[in-house]
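Have a look at the structure below, then the notes.
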Amino acid sequence: MDQPISMDTFLDYLFTFFQYGIFFYCVGVLLSYLVIGVVSAGVVMKYRKERDLTNYREILASPLVPSISIIAPAYNEGVTITDNIRSLLSLHYSKLTVIIVNDGSKNDTREKAVAAYDLEKVPFDYQETISTKKIRGIYRSKNPAFSKLIFVDKENGGKADAINVGINVSTSEYFACIDVDCIIEPESFLKMVKPIMEAGEKRMIAVGGIVWLTNDSEIRDGKLIQVKTPETYIPKAQVLEYIRAFLLGRTAWSKINGLLLISGAFGLFDREVAVAAGGYNHNTVGEDMELVMRMHGYMRERKEKYQVGYVPEPLCWTEAPADYNILGRQRNRWTRGTIECLLMHKKMCLNPKFGVLGMVSYPYWLLAEWMAPFVELFGTLFFIIMAFMGLANWPYFFSLLAMVYFFAVMLSTYAIYTQERTYGRYTQPKDILLLFWNGITEPFKYHPRTVWWSIKGNWDYITGSNKGWGEMTRAGFAKKED
Amino acid sequence: MVFLQNILTSNLPFSKESVIRGIKNEPQLVFIWCLIVFFIVATVVILLRTIYIRKKKNRDLAHTSKLNEKYHQFLSELASGDYTDKALELMSANKETTLALNKEDFTKEFNRKTLLKELLDLHSNLAGEAAHKLREVYLTLGYKEESLKKLKSFDWMLRVEGIQELKQMDIKDGYLPLFKLVKDRNHLVRLEAILARMKMDINPLSLFEDLEHDLNEWEQLRIHNLLHRIPSEEVPSFLPLIDHQLTSVQLFAIRMVALFNQAQAEKKLLEKLSFEYSKINQTIVESLSEIGSEESVKYLHKNFNESDSRLKTHIISTLMSIAGEADAAFFVSQLNPENYDIQLAAAKALVKLGSKGEELLDQQLELVSIETKNIIEHARQWTNQ
């Protein structure tokens, strides 16, 4: 009969687990960052060369392009709705419809839009292909100049519900989901459509693009004139974070068709597949990631050839949260969204049926995204206990700490370099130095907070104490232009 | 494992001296510190390189802007006839000309590249004698040889540039090496070679005999754009390609037949059409709306009931385009089936018929269900959307 495990043996196991587990985990994550960085740089450089040889204007007048509906949910956007719609209507694409979904705003969003664009309520046989909240009315402009615009007024149901309404109203082959307060580059859709048309036998079910930050940049008439490094620390730290995540991270994942997330701020989706997969899920705050995972799953289960594409170029610009409270709420939500999505699709984990998605992407997200803050927290606590017990190996501690730190700084510098080699949107050397300085201070000043917000997000998920989006306050582009 | 045990379990007291002594005495730690030094050096090198690139970009941008202005003025004046052939002679000898240019402009790589870019930009916007003069400049300055050399480059980007330059300047010496590139391993090179061959080859469709890769929709778009710019009588007949071994080329041919209104292909399309749903069948039905005749109407009617429901909606739209009012009764009959898309297509077809269709829809409003009424109202509002 087996002897029961004594407390000493148990502690011994625990001790060994922490020692080796955390060590191997850290080495694995660092190596994965290295591989991702190298793969992405190659892909981005190649894309950049191809882009320079492509005349995207050729798409403009062609009858062969697929049709696109932009779906922009609006909630309490009374101040900016008129400018935002104008900006969307000015995008360069021939077969484009702009669908604004007023998600039961409590202010004058609808009235402002109706007055500015001469809208009138019209009959519309709304087919609820995806189940949604009730529609109050559908409006179109009396002015033929705005014939591309459809304005939907509905009861409040959240962002996912608003986009689902837009999908139901849309008749286009593709729909683009965007945040109404984003600035979209005028040629964005021309660039997003190219990978769809190039896909050949594979069906391109979704395409993402880089979202970058505009804080303190020069914006005129809803257009980005010059990109500048933000003046304050919090947005500046996020710039570097976005460069690493969008330029290096997602590019590499799309290369192996393992991209799990297309930003809710800007993405293009195959309408037929999205509808067949069930549209956006109301029951998660990570609805953007959840839809992409579900569309992947849908195609994999049907064994159809498909691709989730990515355009590694800044096509959408948004404003980053400028104070820690709002940023904390955002990161809390992202964490909860990630957990919900991973749990909803847990059958994918290490399931060969889902290919790269199940064998690489999912485990990576689980270990390097969801678990990372726990490893950092418990690793730190474990070390502190060891130190108090006199068991710490200080020479190794300082050496490993320095190694991880300088690796992180090198990776950030490499991200800045890749940005410069490819798009070079920061035109002054001063901006580059500012970003580099952020890379140096980030591990002490910014990163611990992101770890804390993630832990808090996990706690909120477990206790169910915070299920919503939380209020997101932005200064707004229009206001700044004044 | 010994290495890990050393890392993680050695019990050393914390003091500055013990840490430094520990690092010096442990070979594993020396290795870690080598890595740290490597990271620091790499960071500094990458940072300096980034700043250098940025500064160079800013400098080149300013220099290019100045050169562009100078070259644009020179080439515009040359193209408009302000300079004589003497100017070209001087240029060919790489001597300083009486013009605004000097030897550096013809010999320095950066200047030559900028001049070529400006030359190509201007040439693409001109025609006739002016374009011919710019072509002469291209030949005189030896750009032709450079473009031909680019075709053999290992760098796909240079091969693309070479093709684009030779295509634009219509250099006959480049035909043969360029035509072979439709089989190139790089997709962009292939596409540019296809476009060049479509433009330069006496028998442009012969390139499809050599084609080994599928023709994706982007490539189809680019070819269509090229064909769209030439007079319609010079556009080749795509009829022979409808039976091409590659499905993507078949699709392309069917689309082109419609876009260039090649009615002679109607019979072939009807032979090819079957009534289960496929991309090819859908494209054929859509194309018939452009080139179809009474024969197509009869054929579509005959097979309508056996057709896949997704095809039926396209058939209704096509019948509206070809038969028009003559099929009004048929469209009315399709308002009743229990398929929303077919009902909507029929209602839209009636709306498109104009007053006659509206009259029929008014009559139907009295007879149909509330759901169908909604469809009719919807079609009236959104048909031209």
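The values are calculated or read from the model by the stated rules, or taken from the named source; none is laboratory data. Note that the structure is a prediction, hence the values are computed from the model and not measured. Because the Cβ atoms are built from the backbone with ideal geometry, glycine has one as well, and the counts that use them run over all protein chains shown. Only protein heavy atoms, including side chains, enter the accessible area calculation; ligands, DNA and RNA are left aside. Shrake-Rupley method; radii C 1.70, N 1.55, O 1.52, S 1.80 Å.
Residues of the range A:343-355 being surrounded by 15 or more Cβ atoms within 10 Å (Cβ to Cβ) and closer than 14 Å to residue A:300 by Cα, which ones? Outline the logic, then answer.
First, pick out the residues of the range A:343-355 that are surrounded by 15 or more Cβ atoms within 10 Å (Cβ to Cβ): A:344-345, A:348-349, A:351, A:354-355.
A:345, A:348, A:349, A:351, A:354, A:355, listed by residue number.
Can you name the residue in the range A:438-448 that is away from chain B (no Cβ under 12 Å) and of a type outside the set (Ser, Thr, Tyr) and is also least open to solvent (accessible area, probe 1.4 Å) among such residues? Walk me through it before giving the result.
Taking the range A:438-448 and keeping what is away from chain B (no Cβ under 12 Å), we get A:438, A:441-448.
Okay, now just the ones that are also of a type outside the set (Ser, Thr, Tyr), so A:438, A:442-445, A:447-448.
Details: A:438: 3, A:442: 18, A:443: 38, A:444: 146, A:445: 105, A:447: 69, A:448: 62 Å².
By that ranking, first place goes to A:438.
Tell me, which strands (runs of 3 or more DSSP E) lie completely within the range A:37-154 with 2 or more residues that are farther than 23 Å from residue B:379 by Cβ?
Details: elements: A:68-74, A:96-103, A:119-122, A:135-141, A:149-154.
Where strands (runs of 3 or more DSSP E) fall fully within the range A:37-154 and carry at least 2 residues being farther than 23 Å from residue B:379 by Cβ, they are A:68-74, A:96-103.
Condition first: under 19 Å from residue A:375 (Cβ atoms) and either open to solvent by 30 Å² or more (accessible area, probe 1.4 Å) or not in a helix (DSSP H, G or I) (or both). Now tell me which residues in the range A:455-467 satisfy that. Break it down into steps so the answer makes sense when it comes.
Kept after step one, since they are under 19 Å from residue A:375 (Cβ atoms), are these residues of the range A:455-467: A:455-459, A:461-462.
Across the range A:455-467, the qualifying residues are A:456, A:459, A:461, A:462.
Hey, among the residues in the range A:425-434 that are open to solvent by 10 Å² or more (accessible area, probe 1.4 Å) and assigned to a loop (DSSP other than H, G, I, E, B), which one's farthest from the other protein chains (Cβ to nearest Cβ)?
A:425
Here are some residues: A:257, A:283. Which one is outside any helix (DSSP H, G or I) and over 29 Å from residue A:449 (Cα atoms)? Steps first, answer last, please.
Numbers: A:283 fails: over 29 Å from residue A:449 (Cα atoms).
Exactly one of A:257, A:283 is outside any helix (DSSP H, G or I) and over 29 Å from residue A:449 (Cα atoms), namely A:257.
Suppose the filter is touching a residue at least 12 places away in the same chain (Cβ under 8 Å) and open to solvent by 30 Å² or more (accessible area, probe 1.4 Å); does residue A:275 pass it? Talk me through it step by step, then tell me what you get.
Working: touching a residue at least 12 places away in the same chain (Cβ under 8 Å): yes; open to solvent by 30 Å² or more (accessible area, probe 1.4 Å): yes.
Yes, satisfied.
Scan B:338, B:366 and give me the residue that is open to solvent by 30 Å² or more (accessible area, probe 1.4 Å) and not in a helix (DSSP H, G or I).
Numbers: B:366 fails: not in a helix (DSSP H, G or I).
Answer to the selection: B:338.
Could you tell me whether the range B:259-267 includes any residue that is small (Gly, Ala, Ser), open to solvent by 40 Å² or more (accessible area, probe 1.4 Å) and over 18 Å from the mean Cα position of the chain (by Cα)? Let's see the steps before the verdict.
So the first thing to find is which residues in the range B:259-267 are small (Gly, Ala, Ser), and the list is B:263, B:265.
From the residues that got through so far, the ones that are open to solvent by 40 Å² or more (accessible area, probe 1.4 Å) too are B:263.
Filter once more, so that each one left must be over 18 Å from the mean Cα position of the chain (by Cα): B:263.
Within the range B:259-267 (the criterion being small (Gly, Ala, Ser), open to solvent by 40 Å² or more (accessible area, probe 1.4 Å) and over 18 Å from the mean Cα position of the chain (by Cα)), the answer is yes, since at least one residue qualifies.
Of (1) modelled with pLDDT under 90; (2) touching a Ser or Thr at 6+ places or on another chain (Cβ under 7 Å); (3) under 20 Å from residue A:53 (Cα atoms), residue B:140 satisfies all except one. Which?
(3)
Among residues belonging to the range B:25-77 that are more than 9 Å from chain A (Cβ to nearest Cβ) and basic (Lys, Arg), point out the one that is nearest to residue A:439 (Cα to Cα).
B:56
For the subset of the range A:112-138 comprising residues that are touching a residue at least 24 places away in the same chain (Cβ under 8 Å) and among the small types (Gly, Ala, Ser), which member is farthest from the other protein chains (Cβ to nearest Cβ)?
Per the stated criteria, the residue is A:116.
Yes or no, residue by residue, for (1) among the hydroxyl-bearing types (Ser, Thr, Tyr); (2) farther than 22 Å from residue A:227 by Cα; (3) at the interface with chain B (Cβ under 9 Å from one of its Cβ atoms); (4) open to solvent by 10 Å² or more (accessible area, probe 1.4 Å):
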residue: A:382; (1), (2), (3), (4): no, yes, no, yes
residue: A:389; (1), (2), (3), (4): no, yes, no, yes
residue: A:394; (1), (2), (3), (4): no, yes, yes, yes
residue: A:400; (1), (2), (3), (4): no, yes, yes, yes
residue: A:412; (1), (2), (3), (4): yes, no, yes, no
residue: A:421; (1), (2), (3), (4): no, no, yes, yes
residue: A:436; (1), (2), (3), (4): no, no, yes, yes
residue: A:450; (1), (2), (3), (4): yes, yes, no, yes
residue: A:453; (1), (2), (3), (4): no, yes, no, yes
